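Written below as structure tokens is the structure these notes are about.
The values are calculated or read from the model by the stated rules, or taken from the named source; none is laboratory data. None of the values given here were measured: they were computed from a predicted structure. Cβ: placed from backbone, ideal geometry, glycine included. Neighbour counts: every protein chain shown.
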Amino acid sequence: MFYSPMPMHIPDGFLTLPLALFLWLVSAGFIAAALRRVERDLDERALPLMGVLAAAIFAGQMLNFSVVGGTSGHLLGAALATILLGPWPAVLVMTSVVAVQALLFQDGGLLALGANLFNMAVLGVLVAYTVQRLFQRLVGGKRWALIAGGFAAAWTSTVAAALACGLQLAVSGLSPANLAVPAMGGVHALIGVGEGLITAAALAFLSAARRDLLTAAPGRQKADRPVLIGGMLFAVGLAVASPLASAHPDGLEWVAEQQNFIHAARAPFFELIPDYLLPGIQNEALATILAGVIGLILVAAVTVLIARGRRRAGKTGPA
Amino acid sequence: MSVPAPDPYPQGGSRLHRADARLKLLLTLGFILTAGLLPDGAWSALILLLSLALSAALLSRAGLARLLRRSLLALPFLLAALPVLFTLPGEPLAQIPLFGRQAVISQAGLERFLTIALKSWLSLLAALIFSAVTPFPQTLAAMRSLRAPRLLVALIGLMWRYLFVMVDSAERLLRARESRSAASPRPGLRSGGRLTWRARVTGGMAGSLLLRSIERSERVYAAMLARGYDGEVRSLTAAPFQPVVWGALIAGLAFYAGLVLLAWLLAG
């Protein structure tokens, strides 16, 4: 009956203690800020709404659909919660979901709960909020923009959480960064598509059934600048740190030296996913980062072009 | 990985069930922290912790087999720790072919891997035993009296109260989809149209689940108002620690501290 859709809940014993305690502190700080904001800004109606919605998101993680072979797409819910409630209440809702998964279902450890909260409740929500707001800034409040923004927010938050999880495992000395980060990122780039599709379809359903929920949602009213900047910083930090860490794994060099295949081998056996490199740039990390940035710019450009085309089509033909 | 559902209302008359929930929570957290603090290859300390966990499991009368089965939940995650076998410098133990090359397993790597596996298994076992002998409302009360933020505890409590309602609701949605789209009993034969169509159906289910939860929360709010809710969540103040509980807590924590100290001294 209960299914863990996301191989992302770190159990106890995997992270080094200082890292686990540090992430506990960071998450506690964010959750305390969220509690203060929610107590200040929202009325007493918010408590039952957040509580029941958290239960629904927990249950919603059971909903799946088959993709190919035995794999399936799942809902994780951070982006949906963010779009429906706004960033701070969403942090609290996802905190409840992750905490109950750890406390009641032992999905993720208790000492590692700080890290899991950081990845899924703090990072996931902040990044989802930033992406969603950027989409709205780009294309305005159209229905399809809301849905496409939901897809992008869901995908990015899933991948961001996975990359952070991979980095934490690498920092703890478990897997070399050039294995853990691309593996987590790669798997969740696919899982994120499933999550994004479900989120987009759920938003389409909600906008057809109860448009008022989406237009009146506090997250849609005014941009929360600190959250926006925080989400942006996290996203950029991850985009820079992941390829850097992958390019300089310490463990790998040792294996290569011991095996003495440092000159013999073209690609070391840990290299499961080939690098995306740009020709002409010597530094591997720099090249990977640049490739990522160029990809981002391309996506943004395509988005703007599509928006333009849509707007023009809306003027001439039936919308 | 699908796991058997935990009992939402653990009942039982064992000594562990009756013990103070705060004591159980603190000792469980202490147990996990202790496991985390042990050095690599501290086998005797780890085995001591294992015997502690197994005696608690037996004492709880929660069914050792069931606990052990559920404790395998974190097993897939061990994949993430597998590379330490090869990356840690040390005396080479064995060579295995991997992706067409020879990979060397070092002694230190093997020790680290086994330690991580044992630590995570022990921590999971402790958390399992804790939740098997502590009803969730008591866990929440313990968190509240240990100064967890009141609003957060109230939120988690409310979520827990509607958790099984919403899970049932999600299961009904899944069953309805299966009957609509004629799921075949033959494995591998998938039902439904294209990928985007399947995703849209699932998204619609998620949307209607959220909609139902939002509408339910409005009814819940009305019911809370009718019972005098004014924005403040009130709860009974917890009884102060009894001397026996203090004694047990101090003895337990001292035992953990001694164990960690000894393990590090022995490890040199």
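Tabulated data for the structure shown
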item	result
Hits in the stretch B:110-129 - residues which are small (Gly, Ala, Ser) and surrounded by fewer than 24 Cβ atoms within 10 Å (Cβ to Cβ)	B:Ala117
Residues of the stretch A:110-144 satisfying the condition of being at the interface with another protein chain (Cβ under 9 Å from one of its Cβ atoms) and either of a type in the set (D, E, K, R) or closer than 22 Å to B:Gly157 by Cβ (or both)	A:Leu110
Residue check for B:Gly41: surrounded by 14 or more Cβ atoms within 10 Å (Cβ to Cβ), in a loop (DSSP other than H, G, I, E, B) and not polar (S, T, N, Q)	yes
Per-region count, the stretch B:71-103, residues of a type in the set (A, V, I, L, M, F, W, C), more than 31 Å from the chain's Cα centre (by Cα) and surrounded by fewer than 18 Cβ atoms within 10 Å (Cβ to Cβ)	5
Complete set of residues in the stretch B:11-38 that are within 13 Å of chain A (Cβ to nearest Cβ) and not in a helix (DSSP H, G or I)	B:Leu38
Complete set of residues in the stretch B:47-97 that are polar (S, T, N, Q) and in a helix (DSSP H, G or I)	B:Ser51, B:Ser55, B:Ser60, B:Ser71, B:Thr87
Qualifying residue in the stretch B:197-217 (condition: in contact with an Asp or Glu (Cβ under 9 Å, 6 or more places away or on another chain) and more than 8 Å from every other protein chain (Cβ to nearest Cβ))	no
Total residues in the stretch B:218-256, condition within 14 Å of another protein chain (Cβ to nearest Cβ) and of a type outside the set (A, V, I, L, M, F, W, C)	12
Hits in the stretch A:176-192 - residues which are facing chain B (nearest Cβ under 10 Å) and touching a Gly at 6+ places or on another chain (Cβ under 6 Å)	A:Pro176, A:Ala180, A:Met184
Residue match in the stretch A:51-71 (condition: of a type in the set (Val, Ile, Thr), within 14 Å of chain B (Cβ to nearest Cβ), buried (at least 24 other Cβ atoms within 10 Å of the Cβ) and closer than 16 Å to B:Tyr162 by Cβ)	yes
Hits in the stretch B:153-179 (condition: more than 9 Å from every other protein chain (Cβ to nearest Cβ) and either among the small types (Gly, Ala, Ser) or crowded, with 20+ Cβ neighbours inside 10 Å (or both))	B:Val153, B:Ala176, B:Ser179
Residues that are more than 10 Å from chain A (Cβ to nearest Cβ) and in contact with a helix residue (DSSP H, G or I) (Cβ under 8 Å, 6 or more places away or on another chain), drawn from the stretch B:133-152	B:Val133, B:Pro137, B:Gln138, B:Ala141, B:Ala142, B:Arg144, B:Ser145, B:Leu146
Given (1) modelled with pLDDT of 90 or more; (2) of a type in the set (S, T, N, Q); (3) more than 14 Å from A:Phe234 (Cβ to Cβ), number of the condition A:Ser157 does not satisfy	(3)
